[in-house]
1. Which fully enclosed strands (runs of 3 or more DSSP E) of region 112-165 have 1 or more residues being in contact with a helix residue (DSSP H, G or I) (Cβ under 9 Å, 6 or more places away or on another chain) and at pLDDT 95 or above?
2. Does region 217-224 contain at least one residue that is under 16 Å from Val159 (Cβ atoms), of a type outside the set (Asp, Glu) and at pLDDT 95 or above?
3. What are the residue pairs meeting all of these: first residue in region 117-144, first residue closer than 21 Å to Asp79 by Cβ, second residue assigned to a strand (DSSP E or B) and of a type in the set (D, E, K, R), Cβ atoms under 6 Å, and 6 or more apart or on different chains?
4. Of these, Ser172, Ser221, Ser225, which one is more than 22 Å from Asn101 (Cα to Cα) and without any contact (Cβ under 8 Å) to a residue 24 or more places away in the chain?
5. Do the conditions hold for Gln237, that is, is it polar (S, T, N, Q) and in contact with an Asp or Glu (Cβ under 9 Å, 6 or more places away or on another chain)?
6. Can you find a residue that is free of Cβ contacts under 8 Å to residues at least 24 places away in the same chain and either in contact with a Lys or Arg (Cβ under 6 Å, 6 or more places away or on another chain) or among the β-branched types (Val, Ile, Thr) (or both) anywhere in region 232-253?
7. Which one of the conditions (1) under 23 Å from the mean Cα position of the chain (by Cα); (2) closer than 22 Å to Gly97 by Cα does Ser139 fail to meet, given that it meets all the rest?
8. Please verify whether Ser60 is modelled with pLDDT under 95 and within 22 Å of Leu150 (Cα to Cα), treating the condition exactly as stated.
Amino acid sequence: MKKTLLLACTVLAAYTMKAGDLNTTRGGGSDDKKIVIGISVGAGIPMGAYGNKSTDTTDSPSDSTHVLHGYASTGFHFDVNFGYKFNSMVGAMIYIGGNMNSFDVSTYESVNNRHPASGETFSVSSYYAGQYLVGPFLSLGSSDKLKINLRLLLGLVTVNRPTETDNFTGGSFESKGNGGSGFGYQFGAGVQYNMNDALGLTFNLAYTGSSIGYTGYTQTSTFGSTTNTYTNTTLKQTMSFGMLNATVGVAINL
């Protein structure tokens, strides 16, 4: 993956330098606009360990090497990006995106042979994954109306750790972890149809990848009037993160 990413960066950088030497700007169209603001919403499909629903995620205070992760379900994605075009083809982008993915409790219980007893309630909070990326983009097309946009972005990806809550007769258990982060990259491609010089519709497909590093968590158990807290501040655990986003949106040309 690192070699592929390096090759893609090299090819895109070379193409960007070549395109920068071309005088392709035409008057009277959206290509004259230097600033592009994009807003998109759609579906976020989890991949990697983040979306894996077959891994062992057994959690126990006596076994601190296992804490709950994975089992993310397809959810909602949104993003806002700010682009500046150096010419009609080449630009740079700041990208801020977020994914909200619920934790698949029913599959987790089935895979791990966990069946709540009578009177017991078991729940897990949702994931939120943030993407804060920057990088170059290309806008290709022979007319102002229809464009194919390509981007290669790098930056920071953050993911919270879901909170597990287990209430049962006579007590309760809660496991709460610190959020994690890691270096991230995104390959994206989309089609933009400009309805006029100022406004366009976009259809995008993008993949974001990262390796999220987590450190520390707290587990609280209550039995009757007695509460015990177990805190681990040294455990380091990584989770491979992948997210495939399919979105629609608008592009505002300024």
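1. Working: elements: 121-124, 127-140, 146-159.
Filter on region 112-165 gives 127-140, 146-159.
2. Scanning region 217-224 turns up no residue that is under 16 Å from Val159 (Cβ atoms), of a type outside the set (Asp, Glu) and at pLDDT 95 or above.
3. As it stands, the answer is Phe137/Arg151; Ser139/Lys147, since those pairs meet every condition given.
4. Selected residue: Ser225, the only one of Ser172, Ser221, Ser225 that is more than 22 Å from Asn101 (Cα to Cα) and without any contact (Cβ under 8 Å) to a residue 24 or more places away in the chain.
5. no
6. Yes, region 232-253 contains a residue that is free of Cβ contacts under 8 Å to residues at least 24 places away in the same chain and either in contact with a Lys or Arg (Cβ under 6 Å, 6 or more places away or on another chain) or among the β-branched types (Val, Ile, Thr) (or both).
7. Result: Ser139 fails condition (1) only.
8. On the way: modelled with pLDDT under 95: yes; within 22 Å of Leu150 (Cα to Cα): no.
For Ser60, the condition - modelled with pLDDT under 95 and within 22 Å of Leu150 (Cα to Cα) - is not met.
The values are calculated or read from the model by the stated rules, or taken from the named source; none is laboratory data. Model, not experiment: these values are computed from the prediction. All Cβ positions, even for glycine, are placed from backbone atoms using ideal geometry, and neighbour counts span all protein chains on display.
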